[in-house]
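Notes follow once the structure below has been shown.
The values are calculated or read from the model by the stated rules, or taken from the named source; none is laboratory data. Since the model is a prediction, treat every value here as computed from it, not as a measurement. Glycine also receives a Cβ, built like all others from the backbone with ideal geometry; neighbour counts cover every protein chain displayed.
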Amino acid sequence: MKKIISSLLLATAFLLVTLNVASARDCHTVYGGGEVCENGDLSLDKKIFNPKANEYWDNIAASSYTFAPEQEVKFRLRIKNVSDVKTNKVRLIDDFARLVDYMFYLGADGKEYPVEFKDNELKFIFDTVDPDEEITVYFTARFKGKNELPAGTTCITNKAKVYSRPDDVSDSDYASFCVKSDGAAIITESTPDTGFDLSTVLLLEAVALAGVGAFALGKSKKFSK
């Protein structure tokens, strides 16, 4: 009987120690009482799809591929818990304010994860991310028309951040890419400030130049005689 009781006591003690060790990775007591719980750290990998290479790249230089007006652009965001503790209340935020002058947000594929697009921020919410767990989400945008883009080649950098704590950025990453637009020719029919019609001004200039040329030619003939 004593052996059974001793065995039970040892098993109970072992179980308590095991539970304490397991929970010690998450929380620990602090001086003066109380407990502080750790939250896991996260890494972030942001990529952009290169249609020419048919794969996601970290950055796409203009020499490799240049997007065109009204073309869709696909982005991939991958987070990973690189710690040995579970991470709670994770927020992944893409700063679309850097893109809004050039692109429209179309939508996101977050599977079962809540997605919110508000105030030019794209936000994914994850309740928990286990140690070594990876989560990948996607979103798509489209370039504006050539009338709304700067003429020539414009390169843009888009930034994303992942938070493992309310106000502490765990990691951030960028994706750079370029768009080329011929630009739109701006034709105005408004009259100049002088009140003259632009076509009339050009015609008068042409007549004046022709008169000067005729006068110079006449002088030349006179001197040559």
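Each row is one residue, and each column tells you yes or no for (1) among the aliphatic types (A, V, I, L, M); (2) out of contact with any Pro (no Cβ under 9 Å at 6 or more places or on another chain); (3) within 24 Å of residue 42 (Cβ to Cβ).
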site: 62; (1), (2), (3): yes, yes, no
site: 65; (1), (2), (3): no, no, no
site: 68; (1), (2), (3): yes, yes, no
site: 79; (1), (2), (3): yes, yes, yes
site: 83; (1), (2), (3): no, no, yes
site: 89; (1), (2), (3): no, no, yes
site: 92; (1), (2), (3): yes, yes, yes
site: 96; (1), (2), (3): no, yes, yes
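Per the listing 187, 125, the residue uniquely modelled with pLDDT under 95, of a type in the set (A, V, I, L, M) and outside the structural domain of residue 52 (by TED's automatic domain parsing) is 187.
The set of residues in the stretch 115-138 being in contact with a Leu (Cβ under 9 Å, 6 or more places away or on another chain) and part of a loop (DSSP other than H, G, I, E, B) consists of 120 alone. Checking the stretch 100-117 against the condition returns no match, with no residue being among the hydroxyl-bearing types (Ser, Thr, Tyr), at pLDDT below 95 and surrounded by fewer than 14 Cβ atoms within 10 Å (Cβ to Cβ). In this structure, does residue 52 turn out to be at positive phi and assigned by TED's automatic domain parsing to the domain that holds residue 131? The answer is no for residue 52.
Can you tell me which residue is nearest to residue 151 (Cα to Cα) among those in the stretch 43-94 that are acidic (Asp, Glu) and modelled with pLDDT of 95 or more? Restricting to residues being acidic (Asp, Glu) and modelled with pLDDT of 95 or more, the top hit is 70.
Is it the case that the stretch 80-94 has a residue that's acidic (Asp, Glu), within 17 Å of residue 121 (Cα to Cα) and part of a loop (DSSP other than H, G, I, E, B)?
no
Residue by residue, here is whether (1) in contact with a Gly (Cβ under 7 Å, 6 or more places away or on another chain); (2) farther than 25 Å from residue 170 by Cβ holds:
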| residue | (1), (2) |
| --- | --- |
| 47 | no, no |
| 51 | no, yes |
| 61 | no, yes |
| 65 | no, yes |
| 72 | no, yes |
| 79 | no, no |
| 82 | no, no |
| 85 | yes, no |
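The set of residues in the stretch 98-118 being under 14 Å from the mean Cα position of the chain (by Cα) and either charged (D, E, K, R) or not assigned by TED's automatic domain parsing to the domain that holds residue 70 (or both) consists of 98, 101.
Among the numbered conditions (1) at negative phi; (2) over 19 Å from the mean Cα position of the chain (by Cα), the only one that residue 132 does not meet is (1). Of all residues in the stretch 118-129, exactly one satisfies the criterion of being at positive phi and exposed (fewer than 12 other Cβ atoms within 10 Å of the Cβ), namely 119. If we scan the stretch 160-167, do we find a residue that is assigned to a strand (DSSP E or B), in contact (Cβ under 8 Å) with a residue 40 or more places away in the chain and farther than 20 Å from residue 94 by Cα? Within the stretch 160-167, none of the residues are assigned to a strand (DSSP E or B), in contact (Cβ under 8 Å) with a residue 40 or more places away in the chain and farther than 20 Å from residue 94 by Cα.
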